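The values are calculated or read from the model by the stated rules, or taken from the named source; none is laboratory data. What you see is a predicted model, and the numbers here were worked out from it, not measured in a lab. As a convention, Cβ positions derive from the backbone with ideal geometry for all residues, glycine included, and neighbour counts pool all protein chains shown.
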Amino acid sequence: MFIISLVYKASLEEVDRFIPEHIEYLNEQYAKGHFILSGRKEPRTGGVIFSTIGNREELNNILAQDPFYREALASYEITEIIPTKASDELAFLL
């Protein structure tokens, strides 16, 4: 499992131009089961994505499809975690 932290490198005006395409990208990844949670940071400096993909190379290939990546609007910090404990509602992640 991976936690992806995005930090905007461009103005919010420029980021906002690509929000509809970014949402389409997210919807596609949710439909494929690759992402399980995402949202913007507050204050609005970027976003966070939780991914159940098990392979870093595959994750990199999928993130490269994000319009924010393609347009160099954000930097990506990726943290791999191996879940070892969860609430009953999230036990399926173990």
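Checking each residue in region 60-94 for being of a type in the set (K, R) and either within 16 Å of the chain's Cα centre (by Cα) or closer than 17 Å to I23 by Cα (or both) picks out only R70. Name the pairs: first residue in region 2-22 and aromatic (F, W, Y) and surrounded by 13 or more Cβ atoms within 10 Å (Cβ to Cβ), second residue assigned to a helix (DSSP H, G or I) and at pLDDT 95 or above, Cβ to Cβ under 9 Å, at least 6 apart or on different chains? That search, which allows pairs on different chains as well, returns F2/R56; F2/L59; Y8/E14; Y8/V15; Y8/F68; F18/P67; F18/F68; F18/R70.
State yes or no: is A72 part of a loop (DSSP other than H, G, I, E, B) and at pLDDT below 95? No, not satisfied. For region 28-64, the tally of residues that are part of a loop (DSSP other than H, G, I, E, B) and in contact with a His (Cβ under 8 Å, 6 or more places away or on another chain) stands at 2. Filtered by the rule that a residue be assigned to a helix (DSSP H, G or I) and aromatic (F, W, Y), region 1-27 gives a lone residue, Y25. Annotation note: of L26, L37, L12, L63, the sole residue that is modelled with pLDDT of 95 or more and out of contact with any Phe, Trp or Tyr (no Cβ under 7 Å at 6 or more places or on another chain) is L12.
Of the residues Y69, Y76, only one is without any contact (Cβ under 8 Å) to a residue 12 or more places away in the chain and surrounded by 13 or more Cβ atoms within 10 Å (Cβ to Cβ); which? Going through Y69, Y76 in turn, just one is without any contact (Cβ under 8 Å) to a residue 12 or more places away in the chain and surrounded by 13 or more Cβ atoms within 10 Å (Cβ to Cβ): Y69.
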